[in-house]
Amino acid sequence: MIYQKMENKITIKGAHEHNLKNINLEIPRNKMIVFTGISGSGKSSLAFDTIFAEGQRRYLESLSAYARQFLGGMNKPAVEEISGLSPAVSIDQKAHSANPRSTVATITEIYDYLRVLFAKIGRPYCPICQTPLEKVTADEINAHIISQIKHTRRSQKAPINLTIMSPIVRGRKGEYHQLLYDIYNNGFLQARVDGKIKKLKNRLVLNKNKKHTIEIITDTVNLLEPHNIDKSPSVQQRIAEAVENAIELSDGLCTIIFPDKTEKLFSTEYSCPYDGYSFPEIEPRLFSFNSPYGYCPFCTGLGTEGLFSQKNCPECQGKRLNKNALSVRINKKNIWEITEMNIEKAMDFFKSLDKKLNHQEHEIADVVLNEIKARLQFMLDVGLYYLTLNRRGGTLSGGEAQRIRLASQVGTKLVGALYVLDEPTIGLHQKDNDRLVNTLRNLTDSGNTIIVVEHDENTILASDWLVDIGPEAGNLGGKIIYNGPLNNLLSKKSLPEKTENCKTQGSAEKSLTGQYLRNEKNIDLPAQRRKVRSSNPKIRITGAKEHNLKNIDVEIPLRRLVCLTGVSGSGKSTLMHDILYRGIKNKKLRMNKWTGEHKNISGSEHIDKIIKIDQSPIGRTPRSNPATYTKAFDHIREIFASTKEAGIRGYKPGRFSFNKDEGRCPNCRGRGSLEIEMHFLPSVEVICDVCRGKRYNKETLQVHYKGKNIAEVLDMSIRQAKDFFQDVPFIYDKLKVLDQVGLDYLTLGQSAKTLSGGEAQRIKLARELAKQGTTNTLYLLDEPTVGLHYEDVKKLLQVIQNLVAKGNSIMIIEHNLEILKSADWIIDLGPEGGQGGGQVVKTGTPEEIARYTKSWTGRYLKNVLK
């Protein structure tokens with residue numbers, strides 16, 4: 001048998017996915033490689049749509065057809081050949097789920113391990129009286145009975161009797177005629193029904209609408225000499241048989257009426273000795289808020305009154321689980337109390353738990369505990385110490401979600417894998433970047449290949465190899481500008497023919513990324529900052545204390561560029577989204593919807609409206625695109641309807657909509673593609689064979705404007721369309737703004753589902769900018785630099801400054817130092833994340849922040865202000 005040696009490089013030949021220009025490329029294995037370049041240059045097309053897609057496709061093809069039907073399938077990417085690939089793991093910005101049941105603990109699989117841990121070593125407590133519950137065996141029940149009998153006093157004149165009963169019905173409605181009839185035929189003669197002794201030979205008529213308790217008397221033992229019961233083996237045997245019958249009839253329960261008329265309920269499962277509460281079997285599903293066995297019956301595990309309302313469930317108070325699940329504890333904590341902890345505190349809890357478990361518990365739980373601690377440690381390493389385990393997945397930023405998913409992957413301890421990451425530094429303060437970079441380096445040193453699509457300078461400088469793609473975006477991109485070691489790019493050394501056994505390419509001098517890294521190009525400081533005086537209009541928030549905010553007061557100067565910054569988890573999103581945005585929106589619209597906890601917001605009269613521009617998708621269907629979202633498509637359809645050709649045919653604007661039957665392709669109904677059901681194989685998406693992806697029917701495509709039909713116009717890039725419609729102000733103005741915010745590479749008809757969060761946010765910003773006469777508006781932006789190269793940040797910054805110059809106010813959550821140094825005012829929260837944050841560290845100009853030694857932001861800002 002011949003074994004082929006694994007190549008120490010990945011070779012790509014003829015990659016032409018999307019805008020890639022048939023590129024050839026070699027990159028080293030077991031290294032940290034950064035793909036960079038301006039937005040839309042083709043980085044993601046190469047990293048995700050080509051390299052990762054082919055690595056995953058090959059792995060899936062190695063499985064059986066039966067297995068593949070559960071895993072889904074992938075189309076072959078547009079590439080001639082790729083060699084040297086490992087099984088690939090993709091961790092992108094869309095990794096988190098908006099499902100209200102998804103939490104940090106479930107995403108990382110920590111919750112699955114917690115459920116197993118609680119099922120194996122958790123100790124139940126009575127939900128009614130909080131008494132610790134223990135299981136008893138039939139032998140233990142007998143021993144307890146004998147012990148009690150021996151202490152019975154003979155002074156009583158009445159017969160000394162012991163009654164053993166089996167509670168077969170406990171507080172349930174019904175007639176139970178057949179049940180009692182069957183038990184009578186099995187030899188049992190009496191029962192206690194609702195507290196009264198009844199003979200079973202007589203038919204018992206029970207009200208079916210009332211709840212009943214039925215206890216079958218398995219034996220009544222007359223004790224002549226109770227103190228000598230040790231010498232009466234026949235009596236002991238009789239008691240043992242009665243107990244065994246009682247347990248068998250009621251699935252583990254046995255009620256004893258002692259000679260002194262006291263009663264006690266025993267259970268071979270868990271049962272409270274004081275109030276008789278019978279605990280269910282403790283298994284992992286008891287702790288699942290997705291299972292009827294464990295979830296709160298009122299909210300079915302949501303933790304809130306409804307799917308969209310924010311109020312806690314009145315029964316479980318947001319804990320999601322029923323009283324049984326919450327009554328099992330480890331080291332005095334139930335599973336909810338553990339998930340309420342942040343990552344840092346949870347790690348301390350599990351470390352201290354090691355010293356409190358006995359030998360048997362260690363043998364049972366050590367493997368599970370190690371898995372939990374490994375995932376917690378990774379999240380600590382990537383700066384997520386402030387997140388609580390029960391934090392909902394839908395509230396996570398793209399960067400947080402990506403790092404959490406990375407934690408679950410690292411927990412698998414793979415070696416020889418290919419990890420492809422999409423800007424993992426999103427949402428990270430510069431302080432936390434170093435920890436993430438160290439984690440990526442450790443993954444690489446463990447024998448894995450890391451490909452990172454990234455613009456963050458720290459991450460780039462920590463890499464071994466850099467691939468710079470450009471020179472511009474869209475159709476003008478897709479070429480390799482530089483492919484080689486990072487050090488050669490920084491020093492502008494000419495590339496040797498081979499490095500790390502890989503062919504190197506390109507020119508360090510021509511690399512736009514290299515020019516910025518070498519400080520040959522820079523984003524200049526503003527010529528003059530807008531001053532903030534006490535007389536300026538401002539919005540004042542007082543008593544903000546939602547989540548980890550420490551009852552703070554914050555002033556936001558208006559008609560200025562204000563940056564809200566601070567370490568990850570310091571409370572920025574809570575302050576801006578939950579308190580400022582929701583509070584002012586309530587005032588302006590006279591609503592009373594939920595807001596983050598605060599005392600008051602004043603100064604809203606100084607603005608006309610407040611607009612939040614976040615990274616949520618611009619549409620939920622493939623039919624939504626930049627043209628439809630910016631309303632440019634309305635005017636485009638009107639132009640086509642006004643052509644002579646359309647007039648002759650009687651076509652109206654609706655004819656040129658792919659959402660209406662009259663003009664769209666009848667085969668794909670305007671989608672441009674078809675989803676083919678493959679039965680036991682995964683569904684396949686193919687281009688419509690009737691319209692060939694053009695979305696429209698033949699008659700609609702016969703109408704032309706400037707020699708182009710409607711499908712050809714939608715295939716244009718923003719840059720091309722801007723020139724094409726330069727004589728149509730209603731369209732040109734909208735496209736010009738899209739170009740200004742760095743989205744010139746997108747096509748007009750590009751599906752919203754293919755857009756990143758950063759792209760969606762900039763499209764929303766462009767739509768606002770295109771509105772005429774918009775002034776006196778407060779815009780809230782959340783990390784608009786996501787996915788942006790230095791050159792793109794420069795463009796975006798100019799657009800933002802122009803918007804402020806018109807009399808608007810802009811508040812940005814941001815960590816990008818180029819944006820921070822350009823702000824008029826900075827509000828720095830911290831000093832740490834989670835419980836260590838939520839305070840105003842410092843407010844002032846960038847220079848004032850940089851001079852404040854206690855500010856983490858200031859320490860990093862100081863370097864760029866030089």
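A few points about this structure:
- When Asn600, Asn667, Asn625 are screened for being surrounded by fewer than 21 Cβ atoms within 10 Å (Cβ to Cβ), over 30 Å from Pro557 (Cβ atoms) and in contact with a strand residue (DSSP E or B) (Cβ under 9 Å, 6 or more places away or on another chain), only Asn667 passes.
- Residue selection: Asn802 fails the criterion of being farther than 21 Å from Gly474 by Cα and buried (at least 23 other Cβ atoms within 10 Å of the Cβ).
- Enumeration of residues in the stretch 471-528 that are among the acidic types (Asp, Glu) and over 30 Å from Leu820 (Cα atoms): Glu497, Glu500
- Test: residue in the stretch 503-510 that is assigned to a strand (DSSP E or B), in contact (Cβ under 8 Å) with a residue 40 or more places away in the chain and farther than 30 Å from Asp744 by Cα: yes
- Tally, over the stretch 474-502, of residues that are assigned to a helix (DSSP H, G or I) and within 17 Å of Glu791 (Cβ to Cβ): 3
- Filtered by the rule that a residue be within 24 Å of the chain's Cα centre (by Cα) and not in a helix (DSSP H, G or I), the stretch 323-345 gives Asn334, Glu340, Met341, Asn342.
- Subset of the stretch 404-421 that is modelled with pLDDT of 80 or more and either closer than 17 Å to Thr103 by Cα or aromatic (Phe, Trp, Tyr) (or both) - its residue that is farthest from the chain's Cα centre (by Cα): Tyr419
- Restricting attention to the stretch 289-336, the residues being among the basic types (Lys, Arg) and over 23 Å from Cys272 (Cβ atoms) number 2.
- Selection of the stretch 18-48 for residues being farther than 16 Å from Thr504 by Cα, more than 30 Å from the chain's Cα centre (by Cα) and not charged (D, E, K, R) yields Asn19, Leu20, Asn22.
Yes/no per residue for (1) acidic (Asp, Glu); (2) surrounded by 13 or more Cβ atoms within 10 Å (Cβ to Cβ); (3) at pLDDT 90 or above:
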| site | (1), (2), (3) |
| --- | --- |
| Phe188 | no, yes, yes |
| Ile197 | no, no, yes |
| Pro233 | no, no, no |
| Arg238 | no, yes, yes |
| Asn245 | no, yes, yes |
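- Qualifying positions in the stretch 544-592 - among the aliphatic types (A, V, I, L, M), surrounded by 17 or more Cβ atoms within 10 Å (Cβ to Cβ) and outside any helix (DSSP H, G or I): Ala544, Leu549, Ile552, Val554, Ile556, Leu558, Leu561, Val562, Leu564, Val567
- The one condition in (1) part of a loop (DSSP other than H, G, I, E, B); (2) of a type in the set (D, E, K, R); (3) within 30 Å of Ile819 (Cβ to Cβ) that Lys722 fails to fulfil: (1)
- Taken together, the residues in the stretch 846-866 that are surrounded by fewer than 22 Cβ atoms within 10 Å (Cβ to Cβ) and within 14 Å of Ile819 (Cβ to Cβ) amount to 3.
- Ile426 in a helix (DSSP H, G or I) and surrounded by 23 or more Cβ atoms within 10 Å (Cβ to Cβ): no
- Filter result for the condition that a residue is over 26 Å from Glu759 (Cα atoms) and among the small types (Gly, Ala, Ser), over Ser604, Ser616, Ser568, Ser624: Ser604
- Subset of the stretch 835-848 (residues that are over 15 Å from Arg533 (Cα atoms) and in a loop (DSSP other than H, G, I, E, B)): Gly837, Gly838
- For the stretch 346-362, the count of residues that are touching a Gly at 6+ places or on another chain (Cβ under 7 Å) and in a loop (DSSP other than H, G, I, E, B) is zero.
- If you go through the stretch 770-784 and keep only what is crowded, with 22+ Cβ neighbours inside 10 Å and free of Cβ contacts under 8 Å to residues at least 40 places away in the same chain, you end up with nothing.
- Condition met for Glu832 (in contact (Cβ under 8 Å) with a residue 40 or more places away in the chain and either within 33 Å of the chain's Cα centre (by Cα) or outside any strand (DSSP E or B) (or both)): yes
- From the list Glu344, Glu315, Glu305, the lone residue that is at pLDDT below 90, at negative phi, outside the structural domain of Trp594 (by TED's automatic domain parsing) and of a type in the set (D, E, K, R) is Glu305.
- The lone criterion from (1) modelled with pLDDT of 95 or more; (2) touching a Gly at 6+ places or on another chain (Cβ under 8 Å) left unmet by His18 is number (1).
The values are calculated or read from the model by the stated rules, or taken from the named source; none is laboratory data. No experiment lies behind these values; they were computed from the predicted model shown. Note: ideal-geometry Cβ built from the backbone for every residue, glycine included; neighbour counts use all protein chains shown.
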